[in-house]
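Read-outs: derived from the displayed coordinates by stated rules, not from any lab. On a predicted model such as this, the values are computed, not experimentally measured, just so you know. Backbone-built Cβ (ideal geometry, glycine too); neighbour counts: all protein chains shown.
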């Protein structure tokens, strides 16, 4: 397939490279052009504008936040203005449900298709084609683009015909990760203050009832107090919790744990920890325990 | 070894049976004698009193709550009064840290040893010798009784020389399980109200970042609303959260998630749900969302 | 003074009438013109457009929410476009801190002055000139318009040279009122379930330590379950709590009570209570207690 | 009336002195006898044991906590053992609902009457006979002892025929005071970080919607950061919140604000603030805001 790929950060570079490896042609665009060169080495064409990346059947975006996605999609010279009728925009960024709704409407009005396909996985998983793809959109369109998902991820889950529901599922996943962090922070403060070794404690948890990657990853960071460099910064954690709370508010769904997490991230930011890994909210449990 | 075993409920029966299978002699006691007969069929001796079960080197208890353990251990004709000097009491019940401290002191004063060895695992795991044993006590004593742990469980973790720390770790594990339940309840209410199928959603979670038994077990119960019969009743969930909060208060460790969970369980009980499975606190997230 | 007055709802009508009584000339504008007639009876001139109301020294606005104030102020034919250089806009609506910042900037750029003067008090207080005015802005400008505040309220408090701080104080006041409601709801559920009469209980509170209007008003509504008709609807309560939380987030100030209140209002709305008085969040404490 | 008075601390001394002034005879007992001398100067008889104070019609107790009241009432040589049948024990201490239940039962079994009469007010109010008395008990008994309440307080509220309900109302009052403190702490952190002067802010609140003693007292302490010497220590604040939560748990009433307050007090204690005034939980809002 002819794919335009916009957004060559840590995640997008790996995803686009895997599209190339699978034999698709890729027109690659990035705001800072230096990232494009690396992909051209692998066989991509350089797109010099967003419009340049919109000349194929499909354009996929993997950008940092709502502002970036909104500007690239709805701005002048953006995807809606450039993609031919019948073309498909696959949006893999973690964006708000509200923006996802607006993008779907704008594409529909322009006679284009819009599919949401955010992913679970970190940059290494993107490079190794081991992502999990959470897809939502019209069934006929999803069927057409599923071959692309198959080469960037290990498994695709179709969750809804409404694209924004894929974003909601993605946000809920980050919400659940944050609850894992907070619960580990509290538990480790408790047993740690009683004299139990945190590293051994995390080993017990992950060897028994909590043998999931989330507990292993964050349990280790918290037990060893390794909050720098950030795998995912606290500012981004706050952003995602805020997006989950906003989506929940639109649906009139209270999330008491989400509220608690929001307060934790605000406290961490107010005390200068915005650039630490988001698991550093565990330091607040320590502090509250007088440790 | 000559082991007395007191408390032949769903958990204790399996544990005692595995001691027998491994060649240990077991003098079995239970308040209601009918449970003893089944074990006698497997080769145990019937103990007619607590004192009868205290004639060997070791007596192990697996009882329902603080009151039962306190009465059997410290009451007239109890273990402290009956066990010979040098004997060891292995306490596997989930009890409060405060009681664990008192038991250790009483046994020490009587020249006996006290070891805490609560377990992670449900009745099926007890029957299959697949429990995880969380052990704490004096190293020399633990060394002597570890062969017993090896035949009832798949792995033993030694967490501290202070017996009560094993109880604290056990309580913290149940606290973490309850946070899993609450977080799943909130997330499922959120995506469910948006139209995502809860069963598919749980499948996504457990196939990706949350591939731990805790998420699979409770995600399934919540998505399918299977709160009866209770695997672990809400009243017991409240009890364990309360014990965790009490232990935390003694240590001056705030547990905001624990506070939230306590309120959830109280609300469930106030509305008649005390006998439902503890995962039924997820119904409160649904109710708050107007579902 | 020549005053334009925009927004003749329950609050604005009383305020504008008091300006007339004190001898000021008033050009009155309202989206629905029928409210204007009543004021013309009292001596006002009818303004047929926003621009018509901007021909004097000062224009005062008292509107429902951010959208209304933004449209009237920044929209085409709005106050910024119509008010002569040197004119002053007194904004008495309860708006977000973010909008207050933008309005101040827009007026400054147009060579106009902007003063925030939200008020504490209900419609009866507005009619009786018994409001409390929370004012903020440049001292020289405030000095000029203080005579207007003196005729609509019983006392004026100057809180800052930054207009948005008056809005923040107003929002914090509504936040505090909501905490009073929530705390009364919990306390009344507690003593009520034990058999103490709620009306007598509120009488005790307001006769002793809690002799403030807030406790008398809301204690009475809750004890007598009088949630209709709404003095201040739950949807508006949610809006104000949300504005307080947004302002707090910009400042990186966690408000745990605000988070709890937001969840309460969402739960009330999700269960169909949006049009009840905001004190109806007390019904959630009752429900959680199984009453 | 012949009254025994047990417990001559800051509160009890003033109460007993007012009984004397009104013409009642008082046999005064205190664990540390030096407090008794001062009262003897005012006309009291010194009681050398608890039993000595139980020779009249009525004995009133005003002690620090559950332990003190339990020991004086139920211990050897205590009130139940010493008071003649038909005598009345007026308990004015702030105790748990559970203890109040046990005391009532013990007195009933001994053919004695038990009345709960905790008070609202600080030591100055006790000295000035300006307390508010919250009374509960059998109507006939209350009628007999009401003349005593009239001379120690400015007003008596009868809340129930069940003595423990007076304790519940008292505990709920302290719970409400703590919510006032927490809400002021959060609001002052918010407006303070934005640059509004805290002292002026509290003046606005107490001049308008929040003109109750609770807001004036605690607003002033928080705005001026005057947490020493403690009027009421944080350790006592935690104790009363804990008693309110325990009573609520027995009734199956969740108190989310109570849970939040408990965590605040624990955090303050864990960080060395147990001897500060309980309004010092406001420092946690400041800290969380990075102030």
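What does the average come to when, for each residue of peptide A:280-287, you count the partner chain Cβ atoms lying within 10 Å of its Cβ?
2
Could you calculate, for region C:1-74, the ratio of the Cα radius of gyration to the Kirkwood radius, expressed as Rg to Rh?
Ratio of gyration radius to Kirkwood radius for region C:1-74: 0.92.
Per residue of D:194-205, what is the mean number of Cβ atoms on other protein chains within 10 angstrom of that residue's Cβ?
5
What does the highest-first list of B:158-165, C:64-71, A:86-93 look like by mean Cβ count within 10 Å?
So the order, starting with the most tightly packed, is A:86-93, B:158-165, C:64-71.
At q = 0.32 Å⁻¹, what is the base-10 log of I(q)/I(0) for region B:209-248 according to the Debye formula with one equal point scatterer per Cα and no solvent? Please give it to two decimals.
-0.97
How high is the relative contact order of region D:168-289? Use alpha-carbon pairs under 8 Å, at least six apart in sequence, and give a whole percent.
38
Scaled to the compact-protein estimate 2.2 N^0.38 Å, what is the alpha-carbon radius of gyration of chain A, rounded to two decimal places?
For chain A, the normalised Cα radius of gyration comes out at 1.06.
What nm distance separates the two modelled labels at residue D:31 and residue D:74, each placed 7 Å from Cα along Cα→Cβ?
Taking the two extended label points, one gets 1.7 nm.
Just the projected area, averaged over all directions, of the convex hull on the alpha carbon atoms of region C:2-161: how many nm²?
Mean projected area for region C:2-161: 7.8 nm², to one decimal.
Relative contact order, percent, of chain D when contacts are C-alpha pairs under 8 Å separated by at least 6 residues?
13
Going by how many other beta carbons lie within 10 Å of each one, how would you line up D:199, C:241, fewest first?
D:199, C:241
Which Rg and Dmax, in Å, describe the Cα atoms of region D:151-214?
Radius of gyration, then largest Cα-Cα span, for region D:151-214: 16.7, 52 Å.
For chain C, what is the mean residue ellipticity at 222 nm derived from helices alone (per DSSP H run of n ≥ 4: -39500 (n - 2.57); sum divided by total residues; nearest 500 deg cm²/dmol)?
-16500 deg cm²/dmol
Taking one equal scatterer on every alpha-carbon of region C:196-291, how large is log10 of I(q)/I(0) by Debye at q = 0.12, 0.16, 0.23 1/Å?
The Cα Debye sum returns log10 ratios of -0.44, -0.75, -1.18.
Once the Cα gyration tensor of the protein assembly as shown is diagonalised, what are the square roots of 5 times its eigenvalues, in whole Å and ordered largest first, as equivalent ellipsoid semi-axes?
The three semi-axes for the protein assembly as shown are 54, 48, 22 Å.
Taking the alpha-carbon set of region B:91-193, what are its Rg and Dmax in Å?
Rg, Dmax (Cα atoms, Å): 16.5, 61.
Using alpha-carbon pairs under 8 Å, 6+ residues apart, how would you state the relative contact order of region C:1-106 in percent?
Computed value for region C:1-106: 27 percent relative contact order.
Give the whole-number value, in cubic angstrom per residue, of the convex hull volume spanned by the C-alpha atoms of region A:122-248.
Convex hull volume per residue, Cα atoms: 127 Å³.
For region A:235-278, divide the Cα radius of gyration by the Kirkwood radius and give the resulting Rg/Rh value with two decimals.
1.02
Taking Cα centroids, how far is region C:18-58 from region D:79-148 in Å?
64
Using only atoms on other chains, find how many Cβ atoms lie within 10 Å of each Cβ of peptide C:98-105 and report the average.
If you average over the peptide's residues, the count of other-chain Cβ atoms is 0.
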